[in-house]
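Visitor: Have a look at the structure that comes next, please.
The values are calculated or read from the model by the stated rules, or taken from the named source; none is laboratory data. Bear in mind the structure is a predicted one, so any value in this text is a computation, not a measurement. Reconstructed Cβ throughout: ideal geometry from the backbone, glycine too, with neighbour counts over all protein chains shown. Please note that ligands, DNA and RNA were not included when accessible areas were found on the heavy atoms of the full protein model with its side chains. Shrake-Rupley method; radii C 1.70, N 1.55, O 1.52, S 1.80 Å.
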Amino acid sequence: MQKKILITGGAGFVGSSLAIGIKKKYPQYSITCLDNLKRRGSELNLPRLDSLGIQFIHGDIRNREDLYSVENELTTIIEASAEPSVLAGINNSPDYIINTNLLGTVNCLHLAAKVKADFIFVSTSRIYPVEPNDQILFTEQDTRFVLSEQQEVKGVSGNGISEDFPIDGSRSFYGATKLCSEFLISEFNKFYSLPTVINRCGVITGPWQMGKTDQGVIVHWVAQHYWNKALSYFGYGGQGKQVRDILHVGDLFELIDFQLHHMDKVNGRVFNVGGGKEISVSLSELTAICEKITGNKIPITKVQEERQADIRIYISDNSRIKAATGWVPVTGVEETIRDIYQWIKTNELLLKPILTR
Ligand SMILES: NC(=O)c1ccc[n+]([C@@H]2O[C@H](COP(=O)([O-])OP(=O)(O)OC[C@H]3O[C@@H](n4cnc5c(N)ncnc54)[C@H](O)[C@@H]3O)[C@@H](O)[C@H]2O)c1
């Protein structure tokens, strides 16, 4: 079947990667990317979209007129626009993040309901609150914190954090706006029969992520090493032992490709999606990989206090998504870092002003 897809945030890292992945695999599909280009560096993706015949609309999801200017025979909306920083709204006004991540998503839902398009939502593991995360039991090893097999908090095990993890408590404006959107997506699914799926992604990374200090940490780490800058380990003893699973955007594409074509298998469902236990890394391990690949060793300051809304450890338990779809991530940590390194090396002049600011 011919698909007509709207990707919001389609000039961003995830949105453009999905658009390009889909267009390369299904050249006959019509793809429109809508983005307000708020994220610095997203403009670099416009020629990449254009060269493949992907339509671009410079528009804002906060504005229904922009959204409704998209042709109305859509089969699918992939909502990948956001203010994705965990720190947004904490030390400045939360207006933008609320208006985009919540009210903008509601606008996208109305459009999906109006044109009867499937709705694929890129949500985040940051919907889980900070306080129960602090209660996760762990052991401290040489280079990282490790989840204990036996846990007291529901929804966490040695395999990571499942969808049963508690959701009471605060988590950041970023996580809260995404969770509120998830709630409303469920209502549209139930009462308007809108086909929907929610993917709560852990850290996603890969080439074309415009990493900065507060978002896109993996690319930021590689870039700082590449250009011989400096970094800091914040909190948790200042040793860089905090751990995240990391998902290569190419692996995310494989999952979205499945959901695009098998909505019946995922409709109405919520999934944790990430690299999982096998594809996880601590900051100190990431430093060692970056040193090996770039050949550069840079100063890393140890800062005792934690960043606001930070967490010690997050690993996605992929059991539910695997059972529903068969999907598993395959790209290992070092392979992903090499991929990012090659991208920076190939596009050094273009990327330096963005990745070193
Ligand atoms: N990158 C990650 O590690 C990660 C992890 C989990 C979830 N996510 C989710 O994935 C999605 C994409 O994130 P990303 O990493 O590609 O970030 P990104 O900043 O690269 O992409 C987001 C895009 O949305 C655009 N945008 C912002 N406000 C907008 C608005 N009001 N109207 C239209 N466009 C707007 C930005 O210009 C940007 O191009 C987000 O929903 C984010 O919450 C990302």
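Visitor: For region 24-43, how many residues meet the condition of being open to solvent by 30 Å² or more (accessible area, probe 1.4 Å) and more than 8 Å from the ligand (Cβ to nearest atom)?
Guide: Result for region 24-43: 8.
Visitor: With respect to residue 267, determine if the residue is at negative phi, open to solvent by 10 Å² or more (accessible area, probe 1.4 Å) and either within 11 Å of the ligand (Cβ to nearest atom) or of a type in the set (S, T, N, Q) (or both).
Guide: When the stated conditions are applied, residue 267 passes them.
Visitor: If you scan region 104-140, which residues turn out to be crowded, with 21+ Cβ neighbours inside 10 Å and small (Gly, Ala, Ser)?
Guide: 104, 112, 117, 123, 125
Visitor: I would also like to ask the following. Being under 19 Å from residue 178 (Cβ atoms), of a type in the set (A, V, I, L, M) and in a strand (DSSP E or B) narrows it down to one residue among 57, 90, 61, 78; which is it?
Guide: Residue meeting the stated conditions: 78.
Visitor: Follow-up. Considering 178, 114, which residue is among the basic types (Lys, Arg), under 25 Å from residue 252 (Cβ atoms) and either touching a residue at least 60 places away in the same chain (Cβ under 8 Å) or out of contact with any His (no Cβ under 7 Å at 6 or more places or on another chain) (or both)? Step through it out loud before you land on a result.
Guide: On the way: 114 fails: under 25 Å from residue 252 (Cβ atoms).
Selected residue: 178, the only one of 178, 114 that is among the basic types (Lys, Arg), under 25 Å from residue 252 (Cβ atoms) and either touching a residue at least 60 places away in the same chain (Cβ under 8 Å) or out of contact with any His (no Cβ under 7 Å at 6 or more places or on another chain) (or both).
Visitor: Residue 209: within 16 Å of the ligand (Cβ to nearest atom) and part of a loop (DSSP other than H, G, I, E, B), yes or no?
Guide: yes
Visitor: Considering only residues that are part of a helix (DSSP H, G or I) and of a type in the set (Val, Ile, Thr), look in region 212-225 and name the one that is farthest from the ligand (Cβ to nearest atom).
Guide: 222
Visitor: Further question: For region 94-179, give me every one of the strands (runs of 3 or more DSSP E) that falls completely inside it and has 2 or more residues that are away from the ligand (no atom under 16 Å from the Cβ).
Guide: 138-140, 145-147
Visitor: A further question follows. Do we have any residue at all in region 191-199 that's among the aliphatic types (A, V, I, L, M), under 15 Å from residue 300 (Cβ atoms), away from the ligand (no atom under 13 Å from the Cβ) and touching a residue at least 60 places away in the same chain (Cβ under 8 Å)?
Guide: No, because not a single residue in region 191-199 is among the aliphatic types (A, V, I, L, M), under 15 Å from residue 300 (Cβ atoms), away from the ligand (no atom under 13 Å from the Cβ) and touching a residue at least 60 places away in the same chain (Cβ under 8 Å).
Visitor: Which condition does residue 80 not pass, out of (1) surrounded by fewer than 16 Cβ atoms within 10 Å (Cβ to Cβ); (2) in contact (Cβ under 8 Å) with a residue 24 or more places away in the chain, if it passes all the others?
Guide: Only one criterion in (1) surrounded by fewer than 16 Cβ atoms within 10 Å (Cβ to Cβ); (2) in contact (Cβ under 8 Å) with a residue 24 or more places away in the chain is unmet by residue 80, namely (1).
Visitor: Let me confirm something: among 252, 260, 286, which residue is in contact with a Phe, Trp or Tyr (Cβ under 8 Å, 6 or more places away or on another chain) and buried (at least 17 other Cβ atoms within 10 Å of the Cβ)?
Guide: Answer to the selection: 286.
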